Amino acid sequence: MSTVRKQIGILLVGLGLGWGVSVGLPAPLEFLQQYLWAIPIIIGIILIIKD
């Protein structure tokens, strides 16, 4: 079960990074977007560490 959680965590981190790159960040909602795409990365890191 812990390996599944770790895989989900890695997937979320990858998703967040991909989203961040695709969004490009310098935008009118730069601040909001920065935090939105960071959320899956943070959740993913928590899932990986929490093992």
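The values are calculated or read from the model by the stated rules, or taken from the named source; none is laboratory data. Small disclaimer: the values here were computed from a predicted structure and weren't measured.
Answer with yes or no whether Ile39 is modelled with pLDDT of 85 or more and assigned to a helix (DSSP H, G or I). Criteria not met by Ile39.
Under the condition of being within 13 Å of the chain's Cα centre (by Cα), hydroxyl-bearing (Ser, Thr, Tyr) and at pLDDT 85 or above, the residues counted in region 1-36 number 0.
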